[in-house]
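Working notes, structure below.
The values are calculated or read from the model by the stated rules, or taken from the named source; none is laboratory data. Note that the structure is a prediction, hence the values are computed from the model and not measured. Reconstructed Cβ throughout: ideal geometry from the backbone, glycine too, with neighbour counts over all protein chains shown. Side chains included, ligands, DNA and RNA excluded: accessible areas come from the protein's heavy atoms. Shrake-Rupley method; radii C 1.70, N 1.55, O 1.52, S 1.80 Å.
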Amino acid sequence: MRNAWTIAKREFAYYFISPIAYAVALMFLVILGLLFFANVFFMSQQNTFGGGGEPTMQWVFGPLGSLILFFVPVLTMRLLSEEQNKGTLEILLTVPLKEWELVLGKWLGAWLFGLCLIATTIIYALILFAYGNPDLGPIYTGYLGLALMIGALLAVGVFASSLTGNLIVAVAFGYAFTLTIWIIGFISDPLQNLAAGLSSGRSNLIVDALNYIDFSGHFQNTFNRGVIDTSDVVYFLSVIAVSLFLATRVVEARRWR
Amino acid sequence: MIQVEGLTKRYGQRVAVDNINFHAERGEIVGFLGPNGAGKTTTMRILTGYMPASEGKAVVAGYDVFTHSLEARKRTGYMPETVPLYDDMTVWQYLDFMAELRQLPNRESSVDEAIDAVHMVDRADSFISNLSKGMRQRVGLAQALLHKPEVLILDEPTIGLDPAQVKDVREVIRDLGKERTVMLSTHILSEAQSLCNRVLIINKGKIVAEDSPDRLRARLSGGDRVGLKVMGDGAGLSDALINVPGVTTVRAVRDGELEIETAPGGNVRPELAKAVVNGGWGLVEMKSMGMSLEDIYLQLVQAETEEEEDQSGEAANA
């Protein structure tokens, strides 16, 4: 466990040494800033004509929930991939370091950086509090949900990075995996119609399973509306556990090649 | 300290390491000598726990590298051939990171000592990306000896260095070899000759010879080789010398200089001198040349290859 923390510290520090962090932070803050401005402007006009409401951090969390999808693979691509193509993995695997410590440390370092990125949005919350009276509950649950969601996405990215020594392939795998679980719910609707037509209980099970695997549903409908559903927490934690477990097995398997 | 029994590694059909046996004791520097692709790196990777063997047993510092990998790794320092390092860190940061991974109790002093041992105190705060090949090599070495391991495994530690750096690194290794077990691979014969107590010559995954460099030379060369220099062009000298008992070949290198090979057993040098002086040639110089490790190595490696070709030829004929 101590070794995992050693690896995590190095990875976390690396984000700030390398330009990756600043490129990602730039993209993140510019887009989020524009969306925030647009939302606030729109709502203020609504209020002028009546029918608006109190400001809410959902204006930030909503787009943020989708935005992180685009930068997670960039943050994770080099984590295990670069160790493989530079050969540094050979040194890491010949010191007394267990594979799971390596993988956990890599993920932890990336997650801490992800939390820092998300934390920058607190500025928007402060702005909203300065001019309005937003509800605190959804802000807490929103941040909790985002922290879990980015942790899960990063874990999937770590797994993608374990598969190859090529950075481009690693980022491609990263997008492929994260986007797939993001949109898998899309096919549950047509399936649901099909199931309704056949009125077969078994098809409904598949629809439920697909909906459960679908990433987006676990944030936008619950955490972002101020609801903490245990099944969502369990979902994100299990995505993290399964992805890191798979990545560990891939690193272990490298020894046997 | 290192004990290897029946170690075999297969990559699919290809046998990289073929049933090798050897051991190395404390205070020994063992050289692993062989052409590229002979199985040196594979053997070292098995010993360091990076990859498992297909068959056989390897014990390092008292721990089996397959069943007690972590314990063995704790006591081993390893420098891979390519010296992979993190370019974004300074020398000090990198070694501190490695010391933390190894959970050393007094990290700072361990790092300082390792930097001192490879003479890099003045470059401790340089970024690794700015270091020359030789400097990187030294950082790799420092990393391997951070935790004062009982066993050091160095894969081609002097490759790509300039002569001054080679000398430097060899001195560091010689120092380390006094109280530890050092195993290094090389394909530079003079290095094995000057550095190692014992040399293992490996070819095509098999150990073809194992002994001290001096004894290897004595055992394999058998006869003596003598260089001779006389005044003038030495006309007719070859004919006179070939008749000296015990001389097998006489070869003129240039005017007045000859190389003579003798049969094993007996010292013919006094007879040679007598023949030269009696014939009226002015003897200027006479020296024993011995067979270099290089000759022995080529002989062994070629003999192996020819043998194999013979066998495959016979198989084809049959």
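Kindly list the number of the only condition in (1) under 27 Å from A:Tyr175 (Cβ atoms); (2) within 24 Å of the chain's Cα centre (by Cα) that fails for A:Asn85.
Of the numbered conditions (1) under 27 Å from A:Tyr175 (Cβ atoms); (2) within 24 Å of the chain's Cα centre (by Cα), the odd one out for A:Asn85 is (2).
With respect to the numbered conditions (1) open to solvent by 40 Å² or more (accessible area, probe 1.4 Å); (2) under 30 Å from A:Gly217 (Cβ atoms), which one is the sole condition not fulfilled by A:Lys86?
With respect to (1) open to solvent by 40 Å² or more (accessible area, probe 1.4 Å); (2) under 30 Å from A:Gly217 (Cβ atoms), A:Lys86 is out only on (2).
Looking only at segment A:231-240, which residues are farther than 16 Å from A:Gly65 by Cβ and either modelled with pLDDT under 90 or open to solvent by less than 30 Å² (accessible area, probe 1.4 Å) (or both)?
If the condition is that a residue be farther than 16 Å from A:Gly65 by Cβ and either modelled with pLDDT under 90 or open to solvent by less than 30 Å² (accessible area, probe 1.4 Å) (or both), then A:Ser231, A:Ile240 are the ones that fit.
Take segment B:72-88 and flag every residue that is open to solvent by 10 Å² or more (accessible area, probe 1.4 Å) and either within 23 Å of the chain's Cα centre (by Cα) or facing chain A (nearest Cβ under 7 Å) (or both).
Residues satisfying the conditions are B:Arg73, B:Lys74, B:Arg75, B:Glu81, B:Thr82, B:Tyr86, B:Asp88.
Taking A:Ala196, is it part of a helix (DSSP H, G or I) and at pLDDT 80 or above?
Numbers: part of a helix (DSSP H, G or I): yes; at pLDDT 80 or above: no.
In short, no.
Counting just the residues of segment B:125-144 that are more than 20 Å from the chain's Cα centre (by Cα) and within 14 Å of chain A (Cβ to nearest Cβ), which one comes out most open to solvent (accessible area, probe 1.4 Å)?
Restricting to residues being more than 20 Å from the chain's Cα centre (by Cα) and within 14 Å of chain A (Cβ to nearest Cβ), the top hit is B:Phe127.
Does segment B:54-65 hold any residues that are away from chain A (no Cβ under 11 Å) and assigned to a loop (DSSP other than H, G, I, E, B), and which are they?
Within segment B:54-65, B:Ala61, B:Gly62 meet the criteria.
Taking the stated definitions as given, is A:Leu97 among the hydrophobic types (A, V, I, L, M, F, W, C), part of a helix (DSSP H, G or I) and within 14 Å of chain B (Cβ to nearest Cβ)?
For A:Leu97, the condition - among the hydrophobic types (A, V, I, L, M, F, W, C), part of a helix (DSSP H, G or I) and within 14 Å of chain B (Cβ to nearest Cβ) - is not met.
Residue pairs, Cβ under 7 Å, 6 or more apart or interchain, first in segment B:3-17 and on the phi > 0 side of the Ramachandran plot, second of a type in the set (Asp, Glu). List them.
Partner pairs satisfying both residue conditions: B:Gly6/B:Glu55.
Identify all residues within segment B:1-45 that are out of contact with any strand residue (DSSP E or B) (no Cβ under 9 Å at 6 or more places or on another chain) and part of a strand (DSSP E or B); write none if there are none.
Once the filter is applied, which keeps residues that are out of contact with any strand residue (DSSP E or B) (no Cβ under 9 Å at 6 or more places or on another chain) and part of a strand (DSSP E or B), segment B:1-45 yields B:Tyr11, B:Arg14.
Looking at (1) farther than 30 Å from B:Met51 by Cβ; (2) surrounded by 21 or more Cβ atoms within 10 Å (Cβ to Cβ), which one does A:Trp107 not meet, given that it meets all the others?
Of (1) farther than 30 Å from B:Met51 by Cβ; (2) surrounded by 21 or more Cβ atoms within 10 Å (Cβ to Cβ), only one is false for A:Trp107: (1).
Within 14 Å of chain A (Cβ to nearest Cβ), of a type outside the set (Phe, Trp, Tyr), out of contact with any helix residue (DSSP H, G or I) (no Cβ under 7 Å at 6 or more places or on another chain) and over 17 Å from B:Arg75 (Cβ atoms): is that true of B:Glu100 in this structure?
no
Given the conditions (1) buried (at least 18 other Cβ atoms within 10 Å of the Cβ); (2) in a helix (DSSP H, G or I), and given that B:Asp239 satisfies all but one, which numbered condition is not satisfied?
(1)
Consider only pairs whose beta carbons are under 7 Å apart and that are at least six residues apart or on different chains; among these, list those whose first residue lies in segment A:84-100 and is in contact (Cβ under 8 Å) with a residue 24 or more places away in the chain and whose second residue is among the hydroxyl-bearing types (Ser, Thr, Tyr) and outside any loop (DSSP other than H, G, I, E, B).
Filtered contacts from segment A:84-100: A:Glu99/A:Thr248; A:Trp100/A:Thr248.
The conditions are (1) surrounded by fewer than 21 Cβ atoms within 10 Å (Cβ to Cβ); (2) more than 18 Å from the chain's Cα centre (by Cα); (3) within 14 Å of chain B (Cβ to nearest Cβ); (4) among the hydrophobic types (A, V, I, L, M, F, W, C), and A:Ile20 fails exactly one of them. Which is it?
Here A:Ile20 meets the rest and fails (2).
B:Met291 versus (1) part of a helix (DSSP H, G or I); (2) at pLDDT below 80: which is the lone unmet condition?
Unmet for B:Met291, out of (1) part of a helix (DSSP H, G or I); (2) at pLDDT below 80: (1).
Consider A:Leu89 against the criteria (1) in contact with a Ser or Thr (Cβ under 8 Å, 6 or more places away or on another chain); (2) part of a helix (DSSP H, G or I): it satisfies all of them except one. Which criterion is unmet?
(1)
For segment B:11-25, name all the residues that are charged (D, E, K, R) and surrounded by fewer than 15 Cβ atoms within 10 Å (Cβ to Cβ).
B:Arg14, B:Glu25
Is segment A:49-57 home to any residue that is assigned to a helix (DSSP H, G or I) and either within 14 Å of chain B (Cβ to nearest Cβ) or open to solvent by 20 Å² or more (accessible area, probe 1.4 Å) (or both)?
No, segment A:49-57 contains no residue that is assigned to a helix (DSSP H, G or I) and either within 14 Å of chain B (Cβ to nearest Cβ) or open to solvent by 20 Å² or more (accessible area, probe 1.4 Å) (or both).
For A:Gly132, indicate whether it is surrounded by fewer than 17 Cβ atoms within 10 Å (Cβ to Cβ) and touching an Asp or Glu at 6+ places or on another chain (Cβ under 8 Å).
So A:Gly132 passes the test.
Need a quick list: strands (runs of 3 or more DSSP E) entirely within segment B:167-219 having at least 3 residues that are free of Cβ contacts under 8 Å to residues at least 24 places away in the same chain, in contact with a Lys or Arg (Cβ under 6 Å, 6 or more places away or on another chain) and open to solvent by less than 50 Å² (accessible area, probe 1.4 Å).
Answer list for segment B:167-219: none.
Can you tell me how many residues in segment A:216-257 are outside any helix (DSSP H, G or I), in contact (Cβ under 8 Å) with a residue 40 or more places away in the chain and within 14 Å of another protein chain (Cβ to nearest Cβ)? Let's see the steps before the verdict.
Going through segment A:216-257, the residues outside any helix (DSSP H, G or I) turn out to be A:216, A:221-222, A:226-229, A:255-257.
Still in the list and also in contact (Cβ under 8 Å) with a residue 40 or more places away in the chain: A:216, A:222, A:226-228, A:255.
In the following step, the residues that additionally are within 14 Å of another protein chain (Cβ to nearest Cβ) were identified as A:255.
The qualifying residues number 1.
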